[in-house]
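This report concerns only the one structure given below.
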Amino acid sequence: MSRKKVVRKRRKIILDSQYHSPLLSKFIRMIMWDGKLSTAEDIVYAALEDLQSKTEEPGIDVFQRALQNVKPLLKVKARRVGGATYQIPIEVPDDLGWALAMRWLITAARAGSGAPMQEKLAKELLSAWKKEGSAYRKREETHKMAEANRAFAHYRV
């Protein structure tokens, strides 16, 4: 039997000032570097305005749809059985799925070069909304790996 206790989250969710969305608030805080929250907010809100002008839909809706498209449902976890290490597919909990989707989007946006961050972020969110781009490709690779290792699912903990 596992000795680990289930840890409950006690943090109070701080909503963003413009859209009052907990997901957007977490995304802004993940974008933030060196404690510069106002700069991160400016970047994200400018990217959402850019998305709104490109898609003729509210920017927050495009953002949420892009996150939903990138959010993984399965991932693989290494498990050592006997002398071999197997990649075991497991379901991703909801909060971890959102965090992975945000991380992949931010990493993909930061990987671009030359343009300001709000333009790179808007471009990556737009491509994720269309089910394209490197963040969406990362999700698809993760799902393919989980599907390829489905035979080892019986080793699940």
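The values are calculated or read from the model by the stated rules, or taken from the named source; none is laboratory data. Remember, it's a predicted structure, so these values are computed and weren't measured experimentally. FYI the Cβ positions are ideal-geometry reconstructions off the backbone, even for glycines, and counts take in every protein chain you see. Calculation scope for accessible area: heavy atoms of the full protein, side chains included, ligands and nucleic acids excluded. Shrake-Rupley method; radii C 1.70, N 1.55, O 1.52, S 1.80 Å.
Observations, loosely collected:
- Label-to-label distance, nm, for residues given as residue 78 and residue 3 (7 Å Cα→Cβ offset): 2.4
- Top positive-direction residue, dipole computed over the stretch 1-132 with Cβ charges, set 114, 74, 24: 74
- Lysine pairs in the stretch 45-133 with Cα atoms under 20 Å, if 8 or more residues apart or on separate chains: 12
- Of all the options 67, 100, 37, the one that moves most in a Gaussian network model of the chain with Cα springs shorter than 10 angstrom is 37.
- Using a Förster distance of 41 Å, the FRET efficiency for residue 151-residue 21 (Cβ separation, nearest 0.05): 0.55
- Take residue 132: with every protein chain present and a 1.4 Å probe, its accessible area is about 100 Å².
- If R0 is taken as 30 Å, the Cβ-Cβ distance between residue 94 and residue 115 corresponds to a FRET efficiency of 0.40.
- Using the alpha-carbon positions of the chain, Rg (one decimal) and Dmax (whole number) come out as 17.9, 56 Å.
- Theoretical gain in end-to-end length, residue 85 to residue 29 [0.36 nm per residue, Cα-Cα removed]: 16.6 nm
- Close amide H contacts of residue 88 (hydrogens built in the peptide plane, cut-off under 5 Å, sequence separation of 5 or more or a different chain): 77, 78, 79.
- With DNA, RNA and ligands ignored, accessible area of residue 38 (1.4 Å probe; Å², nearest 10): 70
- The string of couplings for the stretch 141-146 from the Karplus curve (6.51, -1.76, 1.60, θ = phi - 60°) is 4, 4, 5, 5, 5, 5 Hz, one whole number per residue in order, with x for Gly and Pro.
- Counting only Cβ charges, +1 for Lys and Arg and -1 for Asp and Glu, the dipole size of the stretch 20-137 around its Cα centre is about 740 debye.
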